[in-house]
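Here's the structure, in structure tokens; my notes come after.
The values are calculated or read from the model by the stated rules, or taken from the named source; none is laboratory data. These figures come from a predicted structure and were not determined experimentally. Ideal geometry is used to build each Cβ from the backbone, glycine not excepted, and the neighbour counts take in all protein chains shown.
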């Protein structure tokens with residue numbers, strides 16, 4: 001099969017997004033999900049227009065609607081950390097009944113957490129850590145993930 005010439009431009013966080021979307025499509029064909037393309041670069045007019053249309057900064061990369069839980073998933077790559085706006089949205093989802101949110105730095109971590117909620121129908125175990133800095137108010141750590149060194153240092157891991 002001939003490769004698409006655009007494949008060479010798919011790297012980093014975008015590659016993880018595609019892996020998550022394909023995994024959900026094939027592993028959970030009856031589960032509804034949506035990827036919010038907030039990461040796109042836009043012209044000043046496009047930024048103005050989408051703000052008028054209600055696009056909200058920090059909205060999670062994926063919202064996954066399972067039978068038991070709604071999952072808000074934020075994906076990061078390497079040393080990238082969630083913004084304050086992203087953390088606000090994730091906390092909003094965590095505050096709702098039958099909703100959970102988390103940040104993953106790898107496809108493997110995202111897949112593990114998705115499977116915990118969609119197949120086991122039970123709340124996955126979390127360890128909570130509080131940080132003094134301005135990055136996080138409360139942060140859910142998934143030890144299955146390969147956390148970036150910057151995050152490990154902040155969490156004293």
Q) Is it true that residue 19 is closer than 15 Å to residue 107 by Cα and loosely packed, with under 13 Cβ neighbours inside 10 Å? A) no
Q. Here are 66, 133, 54: which of them is at pLDDT below 90 and on the phi > 0 side of the Ramachandran plot?
A. 54
Q: Assess whether residue 150 counts as being at pLDDT below 55, exposed (fewer than 15 other Cβ atoms within 10 Å of the Cβ) and either within 17 Å of the chain's Cα centre (by Cα) or farther than 28 Å from residue 27 by Cα (or both).
A: yes
Q) Looking at 80, 120, which is the one that is under 14 Å from residue 58 (Cβ atoms), modelled with pLDDT under 90 and out of contact with any strand residue (DSSP E or B) (no Cβ under 7 Å at 6 or more places or on another chain)? A) 80
Q: Quickly run through the range 53-70 and pick out the residues that are touching a strand residue (DSSP E or B) at 6+ places or on another chain (Cβ under 7 Å) and either in a helix (DSSP H, G or I) or farther than 16 Å from residue 105 by Cα (or both).
A: 63, 64, 65, 69, 70
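On the basis of being closer than 21 Å to residue 102 by Cα and part of a loop (DSSP other than H, G, I, E, B), does residue 30 make the cut?
Criteria not met by residue 30.
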**Q.** When residues of the range 95-115 are limited to those that are out of contact with any helix residue (DSSP H, G or I) (no Cβ under 9 Å at 6 or more places or on another chain) and either assigned to a loop (DSSP other than H, G, I, E, B) or at pLDDT below 85 (or both), the one surrounded by the fewest Cβ atoms within 10 Å (Cβ to Cβ)
**A.** 97
(Q) Can you go through 74, 22, 68 and tell me which one is free of Cβ contacts under 8 Å to residues at least 60 places away in the same chain and under 12 Å from the mean Cα position of the chain (by Cα)? (A) 74
Q.
I'm trying to understand the selection: among the residues of the range 48-65, which are without any contact (Cβ under 8 Å) to a residue 24 or more places away in the chain and exposed (fewer than 13 other Cβ atoms within 10 Å of the Cβ)?
A. 48, 49, 51, 52, 53, 54
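In the range 6-16, how many residues are part of a helix (DSSP H, G or I) and out of contact with any helix residue (DSSP H, G or I) (no Cβ under 9 Å at 6 or more places or on another chain)? Talk me through it step by step, then tell me what you get.
Taking the range 6-16 and keeping what is part of a helix (DSSP H, G or I), we get 6-9, 12-16.
Imposing the further condition that a residue be out of contact with any helix residue (DSSP H, G or I) (no Cβ under 9 Å at 6 or more places or on another chain) reduces the set to 6-9, 12-14.
Of the residues in the range 6-16, 7 are part of a helix (DSSP H, G or I) and out of contact with any helix residue (DSSP H, G or I) (no Cβ under 9 Å at 6 or more places or on another chain).
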